[in-house]
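To start, the structure under review is shown below, and the notes come after it.
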Amino acid sequence: MITIEKLNEIKNQFSKNITQRRIHQEAGYNGKYQVLVCASTGCISNRSMLVLERFNAKIKEQNLTDKVDVVQTGCHGLCEMGPVVIVYPQGAFYAKVTPEDVDLIVEEHLKNNRIVTNKLFWESFQEGKLVPLHQTGFYKKQKRIALRNSGLINPERIEEYIGAEGYQALHKVLTSMSRDEVVNTIKEAGLRGRGGGGFPTGLKWELAKQATGNKKYDCCNGDEGDPGAFMDRSILEADPHSIIEAMAIAAYAIGADEGYIYVRAEYPVAVKRLEIAIKQANELGLLGEKIFGTDFNFKLTIRLGSGAFVCGEETALMTSVEGNRGEPRPRPPYPANEGLYKCPTILNNVETYANITSIILNGAKWFNSIGTEKSKGTKVFALGGKIRNTGLIEVPMGITLREIIYEIGGGILNNGKFKAAQTGGPSGGCIPNELIDTPIDYDNLIAIGSMMGSGGLIVMDESSCMVDICKFYMEFCADESCGKCVPCRIGNKRLLEKLTDIVEGRGKKGDIEELQTLSQHIKSSSLCGLGQTAPNPILSTLHFFRAEYDAHVLEHRCPAGVCSKLLQYTIIPEQCKKCSACARVCPVKAISGTPGQTPYVIDQSKCIKCGACIGACKFNAIIKK
């Protein structure tokens with residue numbers, strides 16, 4: 001059993017290093033360099049573990065072990081720049097570091113205190129000076145609460161988490177707050193579920209606390225399945241103890257003594273670090289029996305999911321935890337009254353739990369002061385698509401899409417023109433250019449036909465076809481449907497068939513109206529959130545981009561030039577050099593002409609739209625439209 005005295009002893013031992021990293025300056029410098037190497041999945045895929053190994057080996061070889069600490073961390077956010085290495089006390093942010101770069105950084109920076117400027121992230125070095133990370137364009141408008149420890153601590157060392165105020169909130173709750181006080185604090189903070197639904201977290205806890213039953217459960221949803229989403233994975237990889245501590249607090253609040261973290265098996269790094277963190281917490285007595293000498297007991301177990309998107313729905317997830325095929329259950333009864341094993345249960349997603357300890361330590365008013373009237377706090381987004389800075393961001397509710405794209409994201413790739421942003425993944429909708437200044441929160445997004453979702457944010461430029469985007473999401477939803485209810489099982493397939501006909505040139509008058517009508521029926525009659533929200537991208541793009549649908553159906557033309565079956569390849573006679581290069585590569589002999597004598601011509605009835613001719617022409621004489 002751990003005592004508060006022992007917890008504070010560990011905290012005091014490690015807090016100085018954490019503080020130095022957090023404030024991005026030399027204050028509190030302890031005479032040693034700290035080299036932070038990102039070991040998140042994104043950076044690992046770019047060989048960051050080899051970078052980490054090379055730092056350790058080179059520092060040992062140069063006899064610098066007394067002067068340098070090497071720390072593996074989670075995601076810093078700027079995934080586009082990985083592998084990322086930050087060296088303190090200077091806060092030098094090295095980007096796209098290779099194992100071969102390590103020798104130079106050790107020799108120049110760690111031995112001779114000369115920063116290797118040509119390896120720095122471009123925003124962090126301007127006019128010959130280092131710019132503190134929190135003042136760069138990517139970071140300065142962010143506010144990190146859920147991601148407060150991401151990129152700052154070693155997720156595999158509980159001591160570092162404790163050094164960052166870890167488990168102080170749990171001690172406060174267990175020794176000085178009643179269950180009602182905990183629930184009321186979360187209610188007053190205004191925290192809403194970050195998994196997509198936006199249900200008030202404190203109200204959910206209150207309903208479970210009030211439910212009758214000798215056995216109650218506390219569950220965490222780490223099964224994010226939206227294409228392009230990696231918020232929960234990154235938090236679990238970077239700061240697993242924050243979720244464990246928050247779940248223990250939630251369990252105390254509702255009267256539970258057992259919990260499950262449901263994580264998809266495709267997240268091996270997150271699973272490994274959760275296993276390490278749970279083992280460490282058990283060994284220190286922060287999980288188990290009589291935590292901090294109180295009567296509170298809490299056991300925590302990991303359950304692995306198999307990648308079924310429908311298991312992101314709370315009742316399907318609980319069915320899967322019980323060992324059955326993941327399918328949703330009719331509601332009511334709601335999980336707060338009858339959930340896991342028919343016992344009162346709460347389920348929050350990873351990001352929701354990641355806010356809990358900060359609320360307990362800083363107070364409800366602090367959290368309530370951030371965000372908008374009905375959407376408090378911050379939101380984590382996985383920013384991707386046609387944007388310069390892709391990665392993980394956390395911003396206050398109410399920030400505009402323009403600020404995210406052009407200030408945090410650095411603008412559209414290749415100076416392109418912004419067309420739309422998809423929020424909420426397969427369940428969400430598109431925000432067009434004319435609404436780029438809409439403040440982002442739960443209610444504003446719903447009002448314009450989109451939704452917050454779990455936090456995927458895909459930016460598109462004018463090269464994107466909105467009909468094709470909808471077809472992509474509908475393929476996903478049709479494939480992921482569990483098949484339990486007819487509207488979702490059959491209806492989504494019919495929507496996909498209709499969209500496929502449209503993008504392949506078989507669209508006909510009346511198809512658009514059928515898409516709209518069927519989408520409304522599926523939304524109103526499906527059993528769970530998957531079917532109820534699957535048509536959202538269609539309805540959203542029909543509202544804002546109807547002209548693109550009309551062009552596909554009425555003119556058999558794709559304005560963005562994406563749908564290959566609707567493209568037409570044409571040779572411009574005045575630019576044709578009569579060289580026959582295009583004809584030689586055409587696999588179906590659709591191009592004819594006489595070398596050196598007549599311009600070449602494409603027979604549209606034979607052309608299969610493969611684009612080989614454009615690749616072969618060196619004179620830009622072939623266009624597609």
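The values are calculated or read from the model by the stated rules, or taken from the named source; none is laboratory data. Note that the structure is a prediction, hence the values are computed from the model and not measured. Ideal geometry is used to build each Cβ from the backbone, glycine not excepted, and the neighbour counts take in all protein chains shown. Just the protein is used for accessible areas: all its heavy atoms, side chains included, with ligands, DNA and RNA removed. Shrake-Rupley method; radii C 1.70, N 1.55, O 1.52, S 1.80 Å.
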Item to check | Residue check, Y167 on the phi > 0 side of the Ramachandran plot, out of contact with any Ser or Thr (no Cβ under 7 Å at 6 or more places or on another chain) and crowded, with 24+ Cβ neighbours inside 10 Å | outcome: yes
Checklist entry - Which condition number does S150 fail, the rest of (1) buried (at least 17 other Cβ atoms within 10 Å of the Cβ); (2) over 16 Å from L78 (Cα atoms) being met? => result (2)
Checklist entry - Taking R157 and the conditions (1) closer than 27 Å to Y88 by Cα; (2) modelled with pLDDT of 95 or more; (3) within 20 Å of the chain's Cα centre (by Cα), which numbered condition does it fall short on, given that it satisfies the others? => result (3)
Checklist entry - How many residues, within the stretch 92-120, are surrounded by fewer than 21 Cβ atoms within 10 Å (Cβ to Cβ) and assigned to a loop (DSSP other than H, G, I, E, B)? => result 7
Checklist entry - Is there a residue in the stretch 277-292 that is among the charged types (D, E, K, R) and buried (at least 24 other Cβ atoms within 10 Å of the Cβ)? => result no
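Per-residue answers, yes or no, for (1) surrounded by fewer than 23 Cβ atoms within 10 Å (Cβ to Cβ); (2) in contact with a Gly (Cβ under 6 Å, 6 or more places away or on another chain):
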| residue | (1), (2) |
| --- | --- |
| T294 | yes, no |
| N297 | yes, no |
| C311 | no, yes |
| G323 | yes, no |
| P333 | yes, no |
| G363 | yes, no |
| I370 | yes, yes |
| S375 | no, no |
| G409 | no, no |
Checklist outcome for this item: Here the qualifying pairs (Cβ atoms under 7 Å; residues six or more apart or on different chains; first in the stretch 1-19 and under 25 Å from T294 (Cα atoms); second in a loop (DSSP other than H, G, I, E, B) and open to solvent by 30 Å² or more (accessible area, probe 1.4 Å)) come out as M1/K290
Next on the checklist: Any residue in the stretch 532-558 that is at pLDDT 95 or above sitting within a Cβ distance under 9 Å of a residue that is among the acidic types (D, E) and open to solvent by 50 Å² or more (accessible area, probe 1.4 Å)? List the pairs, counting only those 6 or more apart or interchain.
Outcome noted: F544/E434
Checklist outcome for this item: Looking across the stretch 62-89 at residues that are out of contact with any Phe, Trp or Tyr (no Cβ under 9 Å at 6 or more places or on another chain) and open to solvent by 30 Å² or more (accessible area, probe 1.4 Å), the single one that is nearest to P268 (Cα to Cα) is E80
Next on the checklist: Being in a loop (DSSP other than H, G, I, E, B), within 30 Å of L401 (Cα to Cα) and touching a helix residue (DSSP H, G or I) at 6+ places or on another chain (Cβ under 6 Å): is that true of D226 here?
Outcome noted: yes
Item to check | Candidates T570, T533, T594, filtered to the one that is touching a Cys at 6+ places or on another chain (Cβ under 9 Å) and of a type in the set (S, T, Y) | outcome: T533
Item to check | Test: residue in the stretch 417-433 that is closer than 22 Å to L530 by Cβ, touching a residue at least 12 places away in the same chain (Cβ under 8 Å) and assigned to a loop (DSSP other than H, G, I, E, B) | outcome: yes
Checklist outcome for this item: Here the residues within the stretch 594-625 that are among the basic types (K, R) and surrounded by 13 or more Cβ atoms within 10 Å (Cβ to Cβ) are K609, K624
Next on the checklist: Test of understanding: among A551, A547, A583, which residue is among the aliphatic types (A, V, I, L, M), over 25 Å from M466 (Cβ atoms) and not in a loop (DSSP other than H, G, I, E, B)?
Outcome noted: A583
Next on the checklist: Among the residues in the stretch 484-500, are any under 30 Å from P328 (Cβ atoms), outside any helix (DSSP H, G or I) and not hydrophobic (A, V, I, L, M, F, W, C)?
Outcome noted: yes
Checklist entry - Counting only residues that are surrounded by fewer than 23 Cβ atoms within 10 Å (Cβ to Cβ) and touching a helix residue (DSSP H, G or I) at 6+ places or on another chain (Cβ under 8 Å), which one in the stretch 170-179 is nearest to E313 (Cα to Cα)? => result R179
Next on the checklist: Show the residue pairs meeting these rules: Cβ distance below 8 Å; 6+ apart or different chains; first residue within the stretch 264-291 and under 22 Å from D226 (Cα atoms); second residue assigned to a helix (DSSP H, G or I) and open to solvent by 50 Å² or more (accessible area, probe 1.4 Å).
Outcome noted: V269/I44
Checklist entry - Would you call G529 free of Cβ contacts under 8 Å to residues at least 60 places away in the same chain and either within 30 Å of G197 (Cβ to Cβ) or within 38 Å of the chain's Cα centre (by Cα) (or both)? => result no
Item to check | All positions within the stretch 231-270 that are of a type in the set (A, V, I, L, M, F, W, C), in a loop (DSSP other than H, G, I, E, B) and surrounded by fewer than 24 Cβ atoms within 10 Å (Cβ to Cβ) | outcome: A265
Item to check | Search result, residues across the stretch 345-398 that are without any contact (Cβ under 8 Å) to a residue 24 or more places away in the chain and either charged (D, E, K, R) or in contact with a Cys (Cβ under 7 Å, 6 or more places away or on another chain) (or both) | outcome: E373
